[in-house]
Structures are given as C-alpha cells and as structure tokens.
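Okay, structure first, notes after.
What follows draws every value from the coordinates through simple rules; no lab data is involved. Just so we're clear, the structure is a prediction, and the values are computed from it rather than from any experiment.
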Amino acid sequence: MSSQVEHQGDFFKDYDNKDSSLIVNAGVAQPPIMNPYVKKFYKKKPEILTVDQYMEGILAGNTTILSQAITLVESYLPEHRLVAQEIIKRCQVESAAHKTMRIGITGVPGAGKSTFIEAFGSYMTSCGHKLAVLAIDPSSEKTKGSILGDKTRMETLCHDPNAFIRPSPSAGSLGGVARKTRETILLCEAAGFDTIFVETVGVGQSETAVHSMTDFFLLLLISGAGDDLQGIKRGIMEMSDLINVTKADGNNIERAQMARVLYVNALHLFPPTESGWIPTAVTSSAVTKDGLPEIKQKIEEYFALVKGNGYYEKRRREQARYWMYESINESLKNMFYENPIIEKLLPEYEDAVLDGRLESFTSASELIEKYRENS
C-alpha cells in the first residue's frame, strides 16, 4: 500500500517538471458575473426639464422632447401635474394659431387600421404634410399593461422624418381612448404637425370620445362581414364623415365595391349633417395604394367646406366646452382619491363591501360625506 502511494507521489511530481508533457495550464480566467460594458447601454431616466425647456424643444419640432412632454402629460403623479398643465396651457395658444386637420380613424376588428394608417400616412407625408399618429393601445384589465406595438406594425411610417407615431395605453378609459389624448393633440400641433390621426381600439363606445376631439371621422369597414346589418348601426354611421371599405384588391375588389354601394345607400337614410357635408363611401387598398388619393381629396373637400361656412370654428369651440367639463370631472375625482382621509378609509370600506357588511351605494355615499366634512 505504501509503495503504491509513493508511486503516485512520483507521478504527480512530473506536473512541476517543466520538461514534462504533463504540465497543467492555468486555464481561462472566469469572466465577471455582470457585463462590464452594461453602463454603456444603460439609459438613465430622463430628467424633468423646466417648462421653458420643454416649450423650446416642442416649438423646434424636437420629437424626443415632445415624447418626454407627452409622457409627463400622461403621468398620474401629482408632482408632474403642475408642469404638465403649464405646458398644455402654452401649447394651446400655439395650437390655436394653426388650422390643423384632426382625423379620427376607427373600424371593425380585422379592417386593417394600422396597415391603412401606414399606407395613407405615407401618402400624406409624400404630399407635404407633417403627420402625427396617436394610436391607442388597449390595456390589460388584469395586469394594466399594454403592448404598444403600433410602431412595430408601421415600420415604414415610423422612419418617415415627417411622421411622429405615439402609441399610448388606454389605461382603462372609456372605450379605449387614452385619458390625455386631447392634450397630446395640442402638443403635437404646437410642434408643427398639421395633420393628426387618432386611432381607436375598435368599434365601440370610444367613437363618442374620438368624435369629440377630432374634426373628421373616418370609419374603416370590410366586405363580407354582415354589410347589410352594419349599415343600420346608426350610432356609428351618423358620426362618420367618410366610410372606407378596405382590402379592395385581388379577388376582393368586386365584394368591396358591392359593400360600398350598400353603405352609400344606408347613408342616404340619415338626416342632413349640421356641417352641410354629405357623407359617402369609398374603397381602398393598402397594398396597391388604390383609393388613397380619393380619400385625401374627400378630406380636403370636407375641410374646405367647414372652414368656409364657419362650422370648423364652431365645432372646435363646442369641443373646448365639452372638454372643460371633462377636465372638471377628472380634477374632482383626483381631489377625492388624493384626500388623506379618503386614502385612509377607502381600504376599510372596500373590505366591508367585499365581506358583504356594507352595500356599495351606501359605502360610496358615506365616503363622499366624509370627504365633504374634511375638505
């Protein structure tokens, strides 16, 4: 046994012998756990600029600062609200000096809203317009998160120097219209964009909100999806200034034309519009670009009409009044939930409602009464 150990000892001695072929190299050094170059790619959280700095960047058309300002406007943090309100106030003065085109775009699921917006938006910029696309992305009811993938779907338009795409989460607001969309419109107009597209999630209650913040309402529909029934949806049809039957290419051209005729006939059943405009229906293809010049022509004819008869200014004033009341309602709601007494009592009342000890309307009444006593 001892001779075997001595033999092994002689064997391992060869490792220290430089003339031996059994030399063990030190090996490769273990790399660090964290990438040493990570700081190079790490983006610091942008600092909050002063109102003057924001305005200087917005008026210069700096889309980076414009995006930061929009993020500030969309923020729920109370410390951001005062700065955002001052930016909005100044941008409103700049926006009023421009006769911009605010166009609301909505449509049934599968109508190809993003594809159409990219094709039509590129056509508008090629005609000399500066375009801002405010795309509303639905938020998850469970996680409250949004994909915000509109820039991914609009690869060509997002690289257009005359276009600005801003996806915003709906954040649970009615029908999918972002809470601060109208304020975002004012910022974009102050930045020099003369055409604003507001894309909604889809046909639903959001149309009322979009109609209250835009000048022209474009409804996208497809053929072969219950056209005769869609034609009698008065709430949607009556708000539409133009109906566009999309995907009119290939084997679908004839069906799209038939659907267009059905929609034109349905529009004749509605009473005359207050603006004096006669809505109609057209067809288009985002693939072949057919119909895009006709849509642009219809939009220009509409704005020429409403600016000539005074309806453009009248509608803008009515919208301003509507959003005054909406702002009041939002401010009152924020004041209620930010009240220290309410913040303290709200979890207790919520638990009481969940346990069945209190009825929801009774709880709401008591909380409002507590707010009145302590405000």
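From the backbone phi of segment 63-74, what are the Karplus-calculated ³J(HN,Hα) couplings (6.51 cos²θ - 1.76 cosθ + 1.60, θ = phi - 60°) in whole Hz, Gly and Pro given as x?
Result, ordered by residue: 6, 5, 5, 4, 5, 5, 5, 5, 4, 5, 5, 7 Hz.
Taking square-rooted eigenvalues a ≥ b ≥ c of the alpha carbon gyration tensor, is segment 323-373 rounded, prolate or oblate, where a/c under 1.5 means rounded and, failing that, a/b exceeding b/c means prolate?
It comes out prolate by the Cα gyration axes.
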